[in-house]
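One structure is given here, and the rest of the page talks about it.
The values are calculated or read from the model by the stated rules, or taken from the named source; none is laboratory data. The structure presented is a predicted model; accordingly, all values stated were derived computationally and were not measured. Counting neighbours? That spans all protein chains shown, and the Cβs are built from the backbone with ideal geometry, glycine included. Heads up: the accessible areas ignore ligands, DNA and RNA and are worked out on the full protein's heavy atoms, side chains in. Shrake-Rupley method; radii C 1.70, N 1.55, O 1.52, S 1.80 Å.
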Amino acid sequence: MVLRIKSVFKDALLKYRAIQLASGIKNVSIERQLNYFDDFIIENEISEIIFTKEMASKWYAYRKEQNEATRYIRISWSIHFLNYLKSIGYDVYIPRLPKYAGSKQQSYIYTDEEIARYFKNIDSYSNSDPMMVLCLPVIFRILYSCGTRIGETLSIKVKDVDLAEGIIRLSNTKNEKVRNIVVGDDLRNLLNQYAYKCLYLKKDNDYFFAHKDNRRISEQSIYKYHRKALRDSNIKYIGNGLGPRLHDWRHTFAVTSLLNFENAGCDINNVLPILSTYLGHTSIASTERYIKLVAHHFDEIVNKTKETTIYIRGDQNDN
């Protein structure tokens, strides 16, 4: 997670961050919440360090795409931060912590037909930033073909991608555990096409996916395209933790991988540790739940070993 705070709360947020780090809280968890709060302050054009009851109501409803668990964590964190502000002399309103009834999330598994329609639309979108247009087909296919999380995908830097071998190094991960993922030949070719068109002026520490001014592409921007693709692909958005979410591409990857292993006659018990490591899970138990999803969706999901033909619009033969 990249820290990008710019609001009037910047100094206070940085001081609070230092206190949390000193107490042993992981940096990645802190910075995500700092960015959420700072984005909210900027979007609401708040120019002084205040937090009113009216602002609290907006903060509760902020980022509608978040599930109940993530929203609970965000608001809980903000209450601690606001209490810190109050302790150093600021007159701020402290909201109540909402009730947490537990996550209602369910994994949504995309069908072959939905995948085809979805990527056809992703490949057709335009943007005033030509770099964004070139990034979209690659980002979404990494999510689908590799089962990566959106945050770790957008944090990939130029130095993290071995184009010759088709290996991507993920360093900004949920569990702060660096891991390497190997991509298929189709995706490796796509990455090389993208690099040929977009990376010739970039340095090793620049983001692999960035706007034309070199800014990192935000998760919120990708989420907006995801919702647009669902709508244009006639895939009903259920919401309330029932998807289809961006994160459900990760679930689809996991279920598809297990189904392909099963169809190939592999012993699932032997491949679970491999898939668990690839996904970056801290325990095999986190991966085992996908076995039930394979059984549940067996009739719906067919072998997806042949990936959808992938390309970047324009010079499609630059292989």
(request) Within region 45-67, track down each residue that is without any contact (Cβ under 8 Å) to a residue 24 or more places away in the chain and of a type in the set (K, R). (result) K58, K64
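Can you spot a residue in region 86-105 that is in a helix (DSSP H, G or I) and loosely packed, with under 13 Cβ neighbours inside 10 Å?
Taking region 86-105 as the starting set, the residues that turn out to be in a helix (DSSP H, G or I) are 86-87.
From the residues that got through so far, the ones that are loosely packed, with under 13 Cβ neighbours inside 10 Å too are 87.
Yes: region 86-105 contains one or more residues that are in a helix (DSSP H, G or I) and loosely packed, with under 13 Cβ neighbours inside 10 Å.
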(request) Check off (1) farther than 28 Å from N67 by Cα; (2) open to solvent by less than 20 Å² (accessible area, probe 1.4 Å); (3) not β-branched (V, I, T) for Y200 and give me the number that stays unchecked. (result) (2)
(request) Just name the residue that is surrounded by the fewest Cβ atoms within 10 Å (Cβ to Cβ) out of those in region 47-56 that are touching a Phe, Trp or Tyr at 6+ places or on another chain (Cβ under 8 Å) and in a helix (DSSP H, G or I). (result) K53
(message) For region 153-185, give me each residue that is surrounded by fewer than 19 Cβ atoms within 10 Å (Cβ to Cβ), out of contact with any Lys or Arg (no Cβ under 6 Å at 6 or more places or on another chain) and in a helix (DSSP H, G or I).
(response) K159, D185
(message) Pairs needed: first member in region 68-85, aromatic (F, W, Y); second member anywhere, surrounded by fewer than 16 Cβ atoms within 10 Å (Cβ to Cβ); C-beta distance under 8 Å; at least 6 residues apart or different chains.
(response) Y72/L97; Y72/P98; Y72/Y100; Y84/I19
(message) For a quick check of your reading of the model, give me the residue pairs whose first member lies in region 270-288 and is closer than 13 Å to V255 by Cα, whose second is outside any helix (DSSP H, G or I), with beta-carbon atoms closer than 9 Å and at least 6 apart or on different chains.
(response) L275/G147; L275/H281; S276/T282; S276/S283; L279/G147; L279/T148; L279/R179; T287/H281
(request) Name the single residue, out of those in region 125-152 being without any contact (Cβ under 8 Å) to a residue 60 or more places away in the chain and open to solvent by 20 Å² or more (accessible area, probe 1.4 Å), that is farthest from the chain's Cα centre (by Cα). (result) S128
(message) Taking the criterion of being assigned to a loop (DSSP other than H, G, I, E, B), open to solvent by 20 Å² or more (accessible area, probe 1.4 Å), modelled with pLDDT under 95 and aliphatic (A, V, I, L, M), would at least one residue in region 216-230 satisfy it?
(response) no
(message) If I filter region 57-83 down to residues being part of a helix (DSSP H, G or I) and basic (K, R), which single residue comes out as most open to solvent (accessible area, probe 1.4 Å)?
(response) K58
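So which residues in region 153-168 are small (G, A, S) and either within 19 Å of R250 (Cβ to Cβ) or free of Cβ contacts under 8 Å to residues at least 24 places away in the same chain (or both)? If you could, list the steps in order and put the result at the bottom.
At the first step, the residues of region 153-168 found to be small (G, A, S) are 155, 164, 166.
S155, A164, listed by residue number.
Regarding region 262-276, can at least one residue be identified that is open to solvent by 70 Å² or more (accessible area, probe 1.4 Å), in contact with a helix residue (DSSP H, G or I) (Cβ under 7 Å, 6 or more places away or on another chain), assigned to a helix (DSSP H, G or I) and under 27 Å from E113 (Cβ atoms)?
Going through region 262-276, the residues open to solvent by 70 Å² or more (accessible area, probe 1.4 Å) turn out to be 262-264, 267, 269-270, 274.
Subset that is in contact with a helix residue (DSSP H, G or I) (Cβ under 7 Å, 6 or more places away or on another chain): 262.
Subsequent filtering for residues that are assigned to a helix (DSSP H, G or I) retains 262.
When the remaining residues are screened for being under 27 Å from E113 (Cβ atoms), the result is 262.
Within region 262-276 (the criterion being open to solvent by 70 Å² or more (accessible area, probe 1.4 Å), in contact with a helix residue (DSSP H, G or I) (Cβ under 7 Å, 6 or more places away or on another chain), assigned to a helix (DSSP H, G or I) and under 27 Å from E113 (Cβ atoms)), the answer is yes, since at least one residue qualifies.
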(request) Could you figure out which of (1) within 17 Å of the chain's Cα centre (by Cα); (2) in contact (Cβ under 8 Å) with a residue 40 or more places away in the chain; (3) open to solvent by less than 20 Å² (accessible area, probe 1.4 Å) isn't true of E31? (result) (2)
